[in-house]
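Novice: One structure, as structure tokens, below. Some questions next.
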Amino acid sequence: MIKNYILGVLLFTVSLSVKAQNQEALFEKSLLTLNDMLVNESHYSFKKAVFSVENAYLNGKLDSLAVNGQIKVLKELCSLLINGRFLAYVESDKPDVNKWASVYQVMCDSIPIIIKDQEYRYIPFRYDFDDVFGNQELSNMFISKLLTTRKGNCHSLPYLYKILCEELGTTANLALAPNHIYIKHQNKKNGWYNTELTSGIFPNDAWLMASGFIHVDAIKNGVYMKALNNKESIALVMMDLADAYQKTFPNNDGSFLLNCSQTALSVFPNLTSALIMRAEIHKKQIEKETNIDKAKQDFKKLEVEYSHIHKLGYRYMPEEMYLNWLVSLKTEREKYENKKLTNFNKK
């Protein structure tokens, strides 16, 4: 009996080890995929990048056929809106504006759909106030979860918006605020404007500043409110991969995380999430250092790292304050909505 028990424990331990190795290989594969997109721009695909991270965290169990099928349906719905309605916009960039408007409507508006003379009401995506930072379960931040539940957050909603825009052959720029991601567009009539998927409106920059956690230096240094290019967007996904790895392997030696953060910083030098992760890894290394003199030298370097992050304008925003700030966009809509923008749809 004892021998059988010991054998069972050994087999179980070996099984866990094999699973961990297989999952680690998925993370390495995702990292290679993201690296390739940064080196070879022709290989860029935001959708592929995001789902490579989700698949690694889910240990290869992401249903790619299902999520791609759902995205295809949403794309087709966008195309129906583009071709079937009048858009009150006359500038030369109307084709792009029409695509942006269709994606916005699919994500934020109830749409009447007629099938065989029967009218159905399309239900848009909603904001999920449960576990908004994925602290309890990281997959709550995923697009695959958003597509399944129709509820998402400031991570999955703008990511899906960007993917749908690119599926339609147009662009969408991600932008950062404290603990937050939103969309920036530029059209010929209005210039740059913000699209907020969590509440479905177009807020002005005053709302972003109202958080109280956006220092002027953070704007000047491109930490917040900057329209990110595709490489910088992949850098964000690279940090998603690092977070997923940390959640999966909490006792890791830090090398994978450093690889992710250093690669992200190579294309987005002022990405504070990468700077903070790199500093935190260096801090842990100092705590394990047995050579006192080397520890002192490394600690001085660490102080420089944290000082640099502060000088960039980064300030920590508590979760409760973030949620209050987010809700203020709806409760004080008249105050923060961009009055230059109108709904171009004429029904």
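The values are calculated or read from the model by the stated rules, or taken from the named source; none is laboratory data. Here the structure is a predicted model, which is why all the values come from computation and not from measurement. Please note: Cβ atoms are built from the backbone with ideal geometry, for glycine as well, and neighbour counts cover all protein chains shown. Please note that ligands, DNA and RNA were not included when accessible areas were found on the heavy atoms of the full protein model with its side chains. Shrake-Rupley method; radii C 1.70, N 1.55, O 1.52, S 1.80 Å.
Novice: Quick one: work out the % antiparallel among DSSP beta bridges in region 59-186, nearest 5.
Specialist: Rounded to the nearest five, the antiparallel share is 85 percent.
Novice: Using only alpha carbon pairs under 8 Å that are at least six residues apart, calculate the relative contact order of the chain and give it in whole percent.
Specialist: With pairs under 8 Å counted, the relative contact order is 17 percent.
Novice: Roughly how many debye, to the nearest 20, is the charge dipole of the chain about its Cα centre, given +1 on each Lys and Arg Cβ, -1 on each Asp and Glu Cβ, and no other charges?
Specialist: With only Lys, Arg, Asp and Glu charged at Cβ, the dipole is about 560 debye.
Novice: Based on the alpha-carbon gyration tensor of region 241-347 and its eigenvalue square roots a ≥ b ≥ c, which shape applies: rounded if a/c is under 1.5, prolate if not and a/b is larger than b/c, or oblate?
Specialist: Prolate shape, in that a/c is at least 1.5 and a/b is the bigger ratio.
Novice: Of all accessible surface on region 22-336 at a 1.4 Å probe, what whole percent is carbon and sulfur?
Specialist: Roughly 52 percent of what the probe reaches on region 22-336 is carbon or sulfur.
Novice: For region 51-199, count all C-alpha to C-alpha pairs, find those more than 20 Å apart, and express that count as a whole percent of the total.
Specialist: It works out to 51 percent of all Cα pairs.
Novice: Quick one: order TRP192, TRP100 from most to least accessible surface, probe 1.4 Å.
Specialist: Reading off the accessible areas and sorting them downward yields TRP192, TRP100.
Novice: Could you calculate the FRET efficiency of GLU24 with GLU332 from 1/(1 + (r/R0)^6), where r is the beta carbon distance between them and R0 is 56 Å, rounded to 0.05? Spell out each step's value before the answer.
Specialist: Numbers: r = 47 Å, r/R0 = 0.84.
The value I calculate is 0.75.
Novice: Sticking with this structure for a sec: What's the extension gain from GLN186 to GLN262 if we count 0.36 nm per residue and subtract their Cα-Cα distance?
Specialist: Full extension of this stretch gives 24.3 nm more.
Novice: With the chain treated as a Gaussian network of Cα nodes joined by springs under 10 Å, which of TYR316, TYR182, TYR159 yields the largest mean-square fluctuation?
Specialist: Result: TYR316 has the largest fluctuation of those listed.
Novice: What residue among VAL267, VAL53, VAL223 shows peak mean-square fluctuation when the chain is described by a Gaussian network model with Cα springs under 10 Å?
Specialist: Answer for the Gaussian network model of the chain: VAL267.
Novice: Now a separate question. Which of rounded, prolate or oblate describes region 138-182 when judged by the alpha-carbon gyration tensor and an a/c cut-off of 1.5?
Specialist: Note, shape of region 138-182 comes out oblate.
Novice: Angle between the Cα long axis of helix 156-167 and the longest principal axis of the chain, 0 to 90 degrees, nearest 10?
Specialist: Helix 156-167 sits at roughly 60 degrees to that axis.
Novice: Over the chain, with the other protein chains present, what is the accessible area per residue in square angstrom, probe 1.4 angstrom?
Specialist: Here the per-residue accessible area is 53 Å².
Novice: What is the sum of charges around SER266, taking Lys and Arg as +1, Asp and Glu as -1, for the other residues whose C-beta is under 13 Å from the C-beta of SER266?
Specialist: Computed value for this residue: +1.
Novice: Under 10 Å, Cα contacts only: if you run a Gaussian network model on the chain, which one of VAL103, VAL67, VAL304 comes out with the highest mean-square fluctuation?
Specialist: Between VAL103, VAL67, VAL304, it is VAL304 that shows the largest mean-square fluctuation.
Novice: In the neighborhood of VAL223, defined by Cβ-to-Cβ distances under 13 Å, what is the net charge if each Lys or Arg adds +1 and each Asp or Glu adds -1?
Specialist: Spelling it out: positives minus negatives among the neighbours equals +2.
Novice: Follow-up question, since we're still on this one. At 7 Å along Cα-to-Cβ for each site, give me the label-to-label distance between LYS301 and VAL216 in nm.
Specialist: 3.5
Novice: Two decimals, Cα atoms only, Kirkwood Rh: what is Rg/Rh over region 122-214?
Specialist: 0.97
Novice: Can you give the angle from 0 to 90° between the axis of helix 319-331 and the longest principal axis of the chain, with both taken from C-alpha atoms, to the nearest 10?
Specialist: Tilt of helix 319-331: around 0 degrees.
Novice: Contour minus end-to-end for LEU323 and ASN40, with contour as 0.36 nm per residue of separation and end-to-end as the Cα-Cα distance?
Specialist: 98.1 nm
Novice: Classify region 213-303 from the C-alpha gyration tensor, please: rounded if a/c falls under 1.5, else prolate or oblate depending on whether a/b exceeds b/c.
Specialist: oblate
Novice: Between region 206-222 and region 77-105, how far is it from one alpha carbon centroid to the other, in angstrom?
Specialist: Rounded to whole Å, the Cα centres lie 31 Å apart.
Novice: Could you give me the radius of gyration and the Dmax of region 22-336, taking only the C-alpha atoms into account and expressing both in angstrom?
Specialist: When restricted to Cα atoms, region 22-336 yields Rg and Dmax of 20.6, 79 Å.
Novice: Compute the acute angle (0 to 90°) between the alpha-carbon long axis of helix 292-311 and the principal axis of greatest extent of the alpha-carbon atoms of the chain; round to the nearest 10°.
Specialist: 10
Novice: Accessible area of THR171, 1.4 Å probe, to the nearest 10 Å²?
Specialist: 90
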